[in-house]
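Take a look at the structure set out below.
The values are calculated or read from the model by the stated rules, or taken from the named source; none is laboratory data. Please read all numbers here as calculations on a predicted model, not as lab measurements. Reconstructed Cβ throughout: ideal geometry from the backbone, glycine too, with neighbour counts over all protein chains shown.
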Amino acid sequence: MVIVTCANADRAKDDSGEEYENFSFRKVISHTVAVAQRQGYTAEVYDLGELGMGEPFSVTDETFAAKGYYEKEVVGGYKSKSLFKPGLVRLSMAKHDDLVVYLDGDAQLRAGLDEIDTDDYDVGVTLRDAGELESEWHKKHMEIVRFVNAGVIFFRPTRQAEDFVARWSCLTDELGNDQMALNRLCCPDRYPAPWSVHVLDGVRVKYFPGRIYNFYYFPEMFSGGAKVLHFKGSVRHFYPFGPGKKLFCLCRVPVTKLLAMLKK
């Protein structure tokens, strides 16, 4: 198994250019590498600009280099930040005849992933929790984000997976957003059941539960059992997820669930 991750700088900035306090891509990635190596996996890190660790991977876009996102907006206010992703995955798949696990640089590996190494799929994607689809933000951006978050993706060493990534690359360039392109290629018409496999255009797509493999629901649900914690922009402040923040979530989650029930 090959764990692939990347970032363009150590310090993360929000869309206004302000740095997130206490967050470090290098620390998140270093933790991921350490866990991967303890599990006997190969860890592959790419430096997209000024990360200061890993193998250089050139992203020739001035706005991305300066701000961490691309100028083009598919939907007003929604920044594209990973147009490089299909190309990076293709490079890693070409180098390794093995299962490639792609993690965004802010997605931290916490435990082994041996159970995902099965031969019943070509591409594995991580499902958004069903409750997330009810949020106003998700409804507004449904065309882009649909059912799958692109921060954690699994690619088996099959011809079908290679063809999928090639189509993902072309569609990303066409649409100007990797997540929108991924969702168009791997989402059936209706929300798929976790662990199910759908054959789409000849590719076996397996849907892994995000609450285990791509967890970013810190205020909404307990993180016990999560193997990948994703400190994406809206929850970046939960890093590092130490005892104090775990205690906060332990107290906050029941309140959040109660309020959600009262709204129904």
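Among the residues that make up the stretch 202-224, is at least one of them in contact (Cβ under 8 Å) with a residue 12 or more places away in the chain, within 26 Å of Glu19 (Cα to Cα), assigned to a helix (DSSP H, G or I) and within 18 Å of the chain's Cα centre (by Cα)? Let's see the steps before the verdict.
Taking the stretch 202-224 first, the residues in contact (Cβ under 8 Å) with a residue 12 or more places away in the chain are 202-223.
Next, only the ones that are within 26 Å of Glu19 (Cα to Cα) stay: 214-220, 223.
Imposing the further condition that a residue be assigned to a helix (DSSP H, G or I) reduces the set to none.
There is no residue in the stretch 202-224 that is in contact (Cβ under 8 Å) with a residue 12 or more places away in the chain, within 26 Å of Glu19 (Cα to Cα), assigned to a helix (DSSP H, G or I) and within 18 Å of the chain's Cα centre (by Cα).
Which one is farthest from the chain's Cα centre (by Cα) among residues in the stretch 141-153 that are part of a strand (DSSP E or B) and hydrophobic (A, V, I, L, M, F, W, C)?
Going through the qualifying residues, I end up with Val148.
Among the residues of the stretch 119-139, what is the count of those that are touching a residue at least 40 places away in the same chain (Cβ under 8 Å) and out of contact with any strand residue (DSSP E or B) (no Cβ under 7 Å at 6 or more places or on another chain)?
5
Only one of these is farther than 22 Å from Arg90 by Cβ and outside any loop (DSSP other than H, G, I, E, B): Arg26, Arg11. Name it.
Arg26
For the stretch 154-185, give me each residue that is touching a residue at least 60 places away in the same chain (Cβ under 8 Å), in a helix (DSSP H, G or I) and among the aromatic types (Phe, Trp, Tyr).
Once the filter is applied, which keeps residues that are touching a residue at least 60 places away in the same chain (Cβ under 8 Å), in a helix (DSSP H, G or I) and among the aromatic types (Phe, Trp, Tyr), the stretch 154-185 yields only Trp168.
Within the stretch 233-244, how many residues turn out to be surrounded by fewer than 16 Cβ atoms within 10 Å (Cβ to Cβ), free of Cβ contacts under 8 Å to residues at least 40 places away in the same chain and not small (Gly, Ala, Ser)?
Count: 1.
Look through the stretch 168-195, keep the residues that are within 13 Å of Phe84 (Cα to Cα) and small (Gly, Ala, Ser), and return whichever of them is surrounded by the fewest Cβ atoms within 10 Å (Cβ to Cβ).
Out of the qualifying residues, it is Gly176.
Residue by residue through the stretch 193-222, note down the ones that are under 19 Å from Ser135 (Cβ atoms) and of a type in the set (Ser, Thr, Tyr).
Tyr216, Tyr217
Restricting the stretch 143-164 to residues that are under 14 Å from Ser82 (Cβ atoms) and either aliphatic (A, V, I, L, M) or in contact with a Cys (Cβ under 9 Å, 6 or more places away or on another chain) (or both), which is modelled with the lowest pLDDT?
Ile144
Kindly indicate the residue of the stretch 70-104 that is of a type in the set (Gly, Ala, Ser) and either touching an Asp or Glu at 6+ places or on another chain (Cβ under 8 Å) or free of Cβ contacts under 8 Å to residues at least 24 places away in the same chain (or both) and also nearest to Glu55 (Cα to Cα) among those meeting that condition.
Looking at residues that are of a type in the set (Gly, Ala, Ser) and either touching an Asp or Glu at 6+ places or on another chain (Cβ under 8 Å) or free of Cβ contacts under 8 Å to residues at least 24 places away in the same chain (or both), I get Ser92.
How about the stretch 1-23: which of its residues are buried (at least 17 other Cβ atoms within 10 Å of the Cβ), more than 12 Å from Tyr69 (Cα to Cα) and of a type in the set (S, T, N, Q)?
Thr5
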